[in-house]
Each structure stands twice: as structure tokens, then as C-alpha cells.
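Have a look at the structure below, then the notes.
The values are calculated or read from the model by the stated rules, or taken from the named source; none is laboratory data. Predicted model only: the values in this text are computed from it and were never measured. Cβ placement follows ideal geometry from the backbone for every residue including glycine, while neighbour counts extend to all protein chains displayed.
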Amino acid sequence: NAGVTQTPKFQVLKTGQSMTLQCAQDMNHEYMSWYRQDPGMGLRLIHYSVGAGITDQGEVPNGYNVSRSTTEDFPLRLLSAAPSQTSVYFCASGDLTGGSGNTIYFGEGSWLTVV
Amino acid sequence: AQSVTQLGSHVSVSEGALVLLRCNYSSSVPPYLFWYVQYPNQGLQLLLKYTSAATLVKGINGFEAEFKKSETSFHLTKPSAHMSDAAEYFCAVKKAGTALIFGKGTTLSVSS
């Protein structure tokens, strides 16, 4: 059971380049989301999805694009990288049922530097 | 919209002292509440969660939190701090069918 898998773990980009952070989960979770973590800001929600074909914006969506064509995968695309997007990115997934099943699982993070 | 406020970005305690990390939430309906811990250069680890069962929730590593609806609070406590508890702690709130929202975090320092 791999849980939530993020790739790559480390990436350096030049300003203006585009790239995709991959996120995959093998737990058949409906809910998936992307966060960025910056010092003193906590984890801020970029985009999230409550099922295949359904996505919504979070707190800081500008400069990022997502799609959810399958239950398992939720890639995050940086359209034209900027130094302000230097951050640690976390993918998360969980089920949407009520009760004790509401655990959210996190990937190990992706460290992105834009120069 | 739901939100989370963590009071105090830094908390310092002595080893063996009580740990109290404060979290207040805002939500129009009863939420699910979580505490996560993050050690340096690592990912997030779930400490405990409240999902409308018992209001006093016990988690890993001796931590517990009490859900108080009247105060909209979910403070994290540990009776006796250990050096290994030094980390960053995040409170988070979630309603059914929506995203998990985090507070800005509290860094806990433990001195000997």
C-alpha cells in the first residue's frame, strides 16, 4: 500500500518554465488536494477535488492548474514558473464519508525552487 | 467559510512542563478538527482528530485535545513535555464535502 505518492521530490526550475507535480493515491479516495507551505504561512490550499472530473479553487490558485481525470491521480501544473512559487508542495487525499473515516493522508512533499 | 486561528506562532516550555497549543475555529456547521505535527524537513503526521464522537480526543505521543463548541476551540495539550516534542504543530478544520483548511502553525520549543 503506497498511500499518497508525490513526484518529483526536488525540482529546480527557471523562471517561465512549466512543469507538473504528480500526485497519485491507491486508496480509492474521492478527496484530493494540493497545498503549498511557506514559512509563517502554514499550509495554504491551492486546488482541491471531491471526485473525478470535479475540481475547485482554494486560497492561492493563481499560476496553477489541475485536472482530475481519474480517481487515482491529481496533477498540479505550474503554467509559467515564478520565483514566488518557490515553496514546498504537499498533496493530500481522503475519503468523504462521515464519522471516523475522515482521515486525510499526505504525501512526503515536493521541494520546488524557481530561479 | 471555515477558518482556523492558532494563537501564538511560537510556544516555549521546559522539559516536563505542560504543553498547551491553542486553536480556535470558525465554521457554520459542526466541523471535523485535526491536529498535525511536522518535524523539520519532514511531512505531516496526524496527531489526533475530532469527528463528533467523544469531545476529549486522545492522540499519539501523549497528546490530547478537547472540543469545546461553546468556545469554538480545540486546544492541544500534553501534561509533560519531552525534548522530542519540539516541532511545528498545525490545527486544521474540515466540513464534509469540502477541503481541509489549516491554521498558520505553532512552533513548539522545549528546553532542558
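I'd like to check something: does region B:78-89 contain any residue that is out of contact with any helix residue (DSSP H, G or I) (no Cβ under 9 Å at 6 or more places or on another chain), aromatic (Phe, Trp, Tyr) and more than 14 Å from chain A (Cβ to nearest Cβ)?
no
If you take the residues in region B:90-99 that are in contact (Cβ under 8 Å) with a residue 24 or more places away in the chain and over 14 Å from the mean Cα position of the chain (by Cα), which one is nearest to the other protein chains (Cβ to nearest Cβ)?
The extreme case among them is B:Ala96.
Across region B:85-103, what is the total count of residues that are modelled with pLDDT under 95 and not hydrophobic (A, V, I, L, M, F, W, C)?
Going through region B:85-103 one residue at a time, the tally reaches 5.
Against the condition buried (at least 17 other Cβ atoms within 10 Å of the Cβ), more than 9 Å from chain B (Cβ to nearest Cβ) and part of a strand (DSSP E or B), how does A:Ser93 come out, does it pass?
Answer is yes for this residue.
Do you know which residues across region A:6-32 are in contact with a Cys (Cβ under 7 Å, 6 or more places away or on another chain) and either of a type in the set (S, T, N, Q) or in a loop (DSSP other than H, G, I, E, B) (or both)?
A:Gln6
Which residues, counting only those in region A:1-42, are over 15 Å from A:Arg77 (Cα atoms), at the interface with chain B (Cβ under 9 Å from one of its Cβ atoms) and modelled with pLDDT of 95 or more?
Of everything in region A:1-42, just one residue is over 15 Å from A:Arg77 (Cα atoms), at the interface with chain B (Cβ under 9 Å from one of its Cβ atoms) and modelled with pLDDT of 95 or more, namely A:Gln37.
Starting from region B:1-18, take each residue that is touching a residue at least 24 places away in the same chain (Cβ under 8 Å) and list its partners that are part of a strand (DSSP E or B) and surrounded by fewer than 12 Cβ atoms within 10 Å (Cβ to Cβ), counting only C-beta distances under 6 angstrom and pairs at least six apart or across chains.
From region B:1-18, the pairs are B:Ser14/B:Ser111.
Quick one: which residue in B:Lys78, B:Lys69, B:Lys95 is loosely packed, with under 12 Cβ neighbours inside 10 Å, out of contact with any Leu (no Cβ under 7 Å at 6 or more places or on another chain) and basic (Lys, Arg)?
Going through B:Lys78, B:Lys69, B:Lys95 in turn, just one is loosely packed, with under 12 Cβ neighbours inside 10 Å, out of contact with any Leu (no Cβ under 7 Å at 6 or more places or on another chain) and basic (Lys, Arg): B:Lys69.
Give the number of residues within region A:55-99 that are among the β-branched types (Val, Ile, Thr), within 19 Å of B:Gly97 (Cα to Cα) and in contact with a Leu (Cβ under 7 Å, 6 or more places away or on another chain).
Matching residues across region A:55-99 total 1.
Is it the case that A:Ala81 is over 24 Å from B:Val4 (Cβ atoms) and in a strand (DSSP E or B)?
no
Among the numbered criteria (1) within 21 Å of A:Thr103 (Cα to Cα); (2) under 14 Å from the mean Cα position of the chain (by Cα), which one does A:Asn28 miss?
For A:Asn28, the exception is condition (2).
For a quick check of your reading of the model, give me the residue pairs whose first member lies in region B:20-41 and is within 12 Å of chain A (Cβ to nearest Cβ) and under 11 Å from B:Ala92 (Cα atoms), whose second is in a loop (DSSP other than H, G, I, E, B) and among the β-branched types (Val, Ile, Thr), with beta-carbon atoms closer than 6 Å and at least 6 apart or on different chains.
Listed by first residue and then by second, the contacts come to B:Tyr32/B:Thr51.
What is the number of the single condition among (1) in contact (Cβ under 8 Å) with a residue 12 or more places away in the chain; (2) farther than 27 Å from A:His29 by Cα that B:Gly105 does not meet?
Unmet for B:Gly105, out of (1) in contact (Cβ under 8 Å) with a residue 12 or more places away in the chain; (2) farther than 27 Å from A:His29 by Cα: (2).
Considering only residues that are over 26 Å from A:Tyr35 (Cα atoms) and more than 10 Å from chain A (Cβ to nearest Cβ), which ones fall in region B:42-56?
B:Ala54, B:Thr55, B:Leu56 - these are the residues of region B:42-56 that are over 26 Å from A:Tyr35 (Cα atoms) and more than 10 Å from chain A (Cβ to nearest Cβ).
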